[in-house]
Amino acid sequence: MSDAAIVPVAPPTAVRRTGLKFALSLVLGSPGGLCGVIILSLFVIVAVLGPLLTFGDHMEIHYLADKSVARLLTPGQHAPLGTDYYGRDIYTQLILGTRTALIVSIISTAFMAIVGTNIGLFAAYYGGRIDTLLMRITDLAFAVPFLPFAVILVVLLKPSLWNIIITISCLMWRTTARVIRAQALSVKQRTYVRAARVAGASDLRIIFVHIFPNILPLSLLYVAFGISWAVLSEASLSFLGFGDPNTASWGQMLYNAYISGSIRSAWWWTVPPGLCLTLFVIAVFLVGRELETYINPRLR
Amino acid sequence: MTTRALIAGRLFHTIVTLFLVLSMMWALFRLVPGDPLVIFLGQGELAPEQLNQLRAAWGLDQPLWVQYIHYLRNFVTADLGTSFFFRRPVLEVLAEPLANTLILMLPAVLIAIGAGIAFGSRLGWKRGSKSEAVWNLVILVPRAIPVFWLAIILLVVFSYQLGWFPIGGMKTMAFIPHTWWEALPGYDLLRHLALPLLVAVLTFISDPLLIMRTSMIDVADEDFVTFARARGLPDKKVRRLAQRNALMPVITYSAIMVGFAFGGQLLLEVVFSWPGMGRLMVNAVYHRDYPVAQAAFFLMAAVVIVLNFLVDMLYLYLDPRVSYE
């Protein structure tokens with residue numbers, strides 16, 4: 001048995017437990033994450049193809065043979081998913097609404113990630129007065145009730161897709177800023193950051209080359225949650241009647257169904273947009289949850 | 001830093017935040033294009049000379065900074081102005097909707113916190129089991145469903161189809177009880193309350209639930225839990241023990257949730273035609289009733305700010321280890 005002692009020990013196989021590949025394998029390797037990715041991909045494909053999948057414009061009013069408006073037709077009669085009270089095709093609105101949801105969520109989340117991450121990084125890195133100032137601004141943003149603020153701002157700016165995006169972006173960065181700051185504060189203390197400083201790296205270089213890559217996964221996690229938050233916010237604003245009247249959106253569809261008094265009978269009008277919203281947000285949550293286990297291995 | 005200095009510091013910070021929210025609101029409403037007088041009176045109601053007279057009487061001809069000072073002074077002295085739409089003092093207009101919102105939201109928040117704690121602590125305790133994975137998926141659903149859609153679906157099913165509940169509002173016009181239980185006080189209100197309350201609880205429950213769950217998972221690793229197990233206490237008792245120690249983060253969050261309750265739920269109140277703060281604010285914005293919208297918005301923000309301050313104080317009292325800065 002003494003032979004066994006001299007058998008050279010194989011070098012430990014380097015298991016890299018970080019990196020984009022590993023994050024991806026975590027997400028795709030779990031049934032929930034995979035489901036989320038598939039559902040999201042479908043939404044993205046539909047949004048990209050958009051008009052190619054529809055039969056005309058979402059505002060187009062359809063008429064019956066006797067020249068009357070094709071109001072509230074059940075699915076399959078004239079249109080695949082029926083028509084709404086104004087004689088418009090529900091399927092077309094649903095497809096084009098996907099695009100709106102994605103545009104709003106991607107742009108406002110990108111804004112949120114950039115502003116929130118930078119505020120958090122700078123506050124943590126410089127500390128002192130800059131930290132106090134930036135965090136007071138963040139506290140102020142936290143004191144503002146989201147939906148009431150959004151309603152007022154959208155009305156003041158006039159309802160349009162861009163103004164909705166601006167409004168949502170205005171407050172969404174607050175959580176990211178706080179979380180990123182907390183994380184950056186601990187990264188800042190690590191040896192390699194100190195080493196970089198001793199080596200004469202500039203402040204900006206330390207922030208973006210040495211600290212930023214280490215908070216990137218966390219930032220991405222907030223991007224994931226931000227997307228679902230933005231989609232729900234846009235839908236809520238549109239449902240309250242402050243949406244862009246010319247854009248097809250899921251919230252707008254529900255608003256129209258509600259104010260025309262059709263929710264009582266026209267299930268084919270109220271169910272699809274709500275289902276799309278729910279499905280989209282669940283898919284984002286599923287992906288986000290797996291990303292979370294990447295950042296916090298204790299959750300695995 | 002002494003505790004007194006700490007409290008003074010937080011108080012100062014709270015007041016500054018309130019002041020900043022006020023100023024932000026002023027700036028925001030000053031962005032509105034158009035003459036405030038025309039908005040108030042409607043186009044072409046008065047001759048230009050009369051308009052100028054009114055403008056002078058209301059101080060609208062003063063420089064902006066003077067108007068700003070006036071605005072601050074009025075707010076501090078609780079003179080919130082007159083509603084453009086109702087033509088009544090704003091405070092009067094706000095009183096009833098605020099009460100209505102609290103009737104709906106306070107029970108909702110309390111039930112959500114209670115149920116969230118009970119459920120979250122069990123879920124956190126069951127960490128790693130099969131049923132936990134299933135429940136983790138289930139609790140995603142109320143977070144993902146848009147509130148207003150859930151409200152619409154429940155309204156259609158339980159009010160329109162089954163006829164169990166009224167279709168909205170707070171009371172039935174000229175309500176006549178047919179049976180003895182219908183004659184009980186509060187019966188009609190409870191029937192109106194049921195659906196909005198259910199939806200509100202479902203929307204509020206996920207946050208305390210998830211916070212409690214995480215907190216339980218953290219506490220479960222602590223020595224006193226292991227020790228309690230080693231002493232041979234039954235699992236139920238150990239969980240109770242852990243639960244008490246895991247409550248802190250939920251309590252903090254609860255105060256913030258109560259703050260949200262004052263603002264009401266715009267979406268919920270609109271779907272169920274509940275005459276509360278949220279609906280009042282949305283209608284005020286529709287009708288360009290800026291004094292009401294402003295006051296409602298400020299009230300919602302102020303309650304959150306003040307409660308945050310109280311939570312800090314509570315924390316200081318409950319956990320003396322906490323020190324700020």
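Tabulated values for the structure
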quantity: Options B:PHE260, B:PHE272; residue that is in contact (Cβ under 8 Å) with a residue 60 or more places away in the chain, touching a His at 6+ places or on another chain (Cβ under 9 Å) and under 30 Å from B:PHE158 (Cβ atoms); calculated: B:PHE272
quantity: Subset of segment B:51-68 that is in a helix (DSSP H, G or I) and surrounded by 12 or more Cβ atoms within 10 Å (Cβ to Cβ) - its residue that is modelled with the highest pLDDT; calculated: B:TYR68
quantity: Any hit, segment A:249-271, residues being at pLDDT below 85, among the charged types (D, E, K, R) and on the phi < 0 side of the Ramachandran plot; calculated: yes
quantity: Of all residues making up segment B:291-311, the number that are within 21 Å of B:ARG88 (Cβ to Cβ) and within 9 Å of another protein chain (Cβ to nearest Cβ); calculated: 5
quantity: Residues satisfying the stated conditions in segment B:131-142, i.e. under 23 Å from the mean Cα position of the chain (by Cα) and more than 8 Å from chain A (Cβ to nearest Cβ); calculated: B:ILE139, B:PRO142
quantity: Residues of segment B:260-284 classified as facing chain A (nearest Cβ under 9 Å) and not aliphatic (A, V, I, L, M), total; calculated: 4
quantity: Residue list for segment A:258-272, restricted to those being within 8 Å of chain B (Cβ to nearest Cβ) and of a type outside the set (Val, Ile, Thr); calculated: A:TYR258, A:ARG264, A:TRP267
quantity: Among the candidates A:SER228, A:SER219, A:SER233, residue that is at pLDDT below 90, assigned to a helix (DSSP H, G or I) and under 12 Å from the mean Cα position of the chain (by Cα); calculated: A:SER228
quantity: Within segment A:243-273, considering residues that are assigned to a loop (DSSP other than H, G, I, E, B) and hydrophobic (A, V, I, L, M, F, W, C), the one farthest from A:ARG71 (Cα to Cα); calculated: A:ALA248
quantity: Residues within segment A:186-216 that are exposed (fewer than 13 other Cβ atoms within 10 Å of the Cβ), in a helix (DSSP H, G or I) and among the polar types (S, T, N, Q), tallied; calculated: 2
quantity: Subset of segment B:113-147 [among the aliphatic types (A, V, I, L, M) and touching a residue at least 60 places away in the same chain (Cβ under 8 Å)]; calculated: B:ILE113, B:ALA115, B:ILE117, B:LEU123, B:ILE139, B:VAL147
quantity: Count of residues meeting criterion [of a type in the set (A, V, I, L, M) and over 25 Å from the mean Cα position of the chain (by Cα)] in segment B:147-170; calculated: 3
quantity: Single residue of segment A:121-176 satisfying the filter (under 17 Å from the mean Cα position of the chain (by Cα) and among the aromatic types (Phe, Trp, Tyr)) that is nearest to the other protein chains (Cβ to nearest Cβ); calculated: A:PHE146
quantity: Residue selected from segment B:143-164 under the condition aromatic (Phe, Trp, Tyr) and more than 18 Å from A:VAL231 (Cβ to Cβ), by the criterion nearest to the other protein chains (Cβ to nearest Cβ); calculated: B:TYR160
quantity: Residue in segment A:4-21 that is modelled with pLDDT of 75 or more and either part of a helix (DSSP H, G or I) or surrounded by 12 or more Cβ atoms within 10 Å (Cβ to Cβ) (or both) present; calculated: yes
quantity: Hey, B:LEU209 free of Cβ contacts under 8 Å to residues at least 60 places away in the same chain, within 22 Å of the chain's Cα centre (by Cα) and away from chain A (no Cβ under 11 Å) or not; calculated: no
quantity: Any hit, segment A:104-114, residues being without any contact (Cβ under 8 Å) to a residue 24 or more places away in the chain and not in a helix (DSSP H, G or I); calculated: no
quantity: Matching residues, segment B:157-180, being in contact with a helix residue (DSSP H, G or I) (Cβ under 6 Å, 6 or more places away or on another chain), surrounded by fewer than 13 Cβ atoms within 10 Å (Cβ to Cβ) and touching a residue at least 40 places away in the same chain (Cβ under 8 Å); calculated: none
quantity: Number of the exception - B:LEU150 against (1) outside any helix (DSSP H, G or I); (2) among the aliphatic types (A, V, I, L, M); (3) buried (at least 18 other Cβ atoms within 10 Å of the Cβ); calculated: (1)
quantity: Wholly within segment B:206-317, helices (runs of 4 or more DSSP H) carrying at least 3 residues that are of a type outside the set (Ser, Thr, Tyr), over 26 Å from A:VAL154 (Cα atoms) and in contact with a helix residue (DSSP H, G or I) (Cβ under 8 Å, 6 or more places away or on another chain); calculated: B:223-230, B:235-246, B:248-263
quantity: The listed residue being in a helix (DSSP H, G or I), over 15 Å from A:PRO273 (Cα atoms) and in contact with a helix residue (DSSP H, G or I) (Cβ under 8 Å, 6 or more places away or on another chain), out of A:GLY50, A:GLY97; calculated: A:GLY50
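Conditions tested, residue by residue: (1) surrounded by 14 or more Cβ atoms within 10 Å (Cβ to Cβ); (2) not hydrophobic (A, V, I, L, M, F, W, C).
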{"site": "B:PHE84", "(1), (2)": "yes, no"}
{"site": "B:LEU98", "(1), (2)": "yes, no"}
{"site": "B:PRO107", "(1), (2)": "yes, yes"}
{"site": "B:ALA115", "(1), (2)": "yes, no"}
{"site": "B:PHE119", "(1), (2)": "yes, no"}
{"site": "B:LYS130", "(1), (2)": "no, yes"}
{"site": "B:ILE139", "(1), (2)": "yes, no"}
{"site": "B:ARG143", "(1), (2)": "yes, yes"}
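The values are calculated or read from the model by the stated rules, or taken from the named source; none is laboratory data. The structure presented is a predicted model; accordingly, all values stated were derived computationally and were not measured. Don't worry about glycine lacking a Cβ; one is built from the backbone with ideal geometry, like all the others, and counts go over all protein chains shown.
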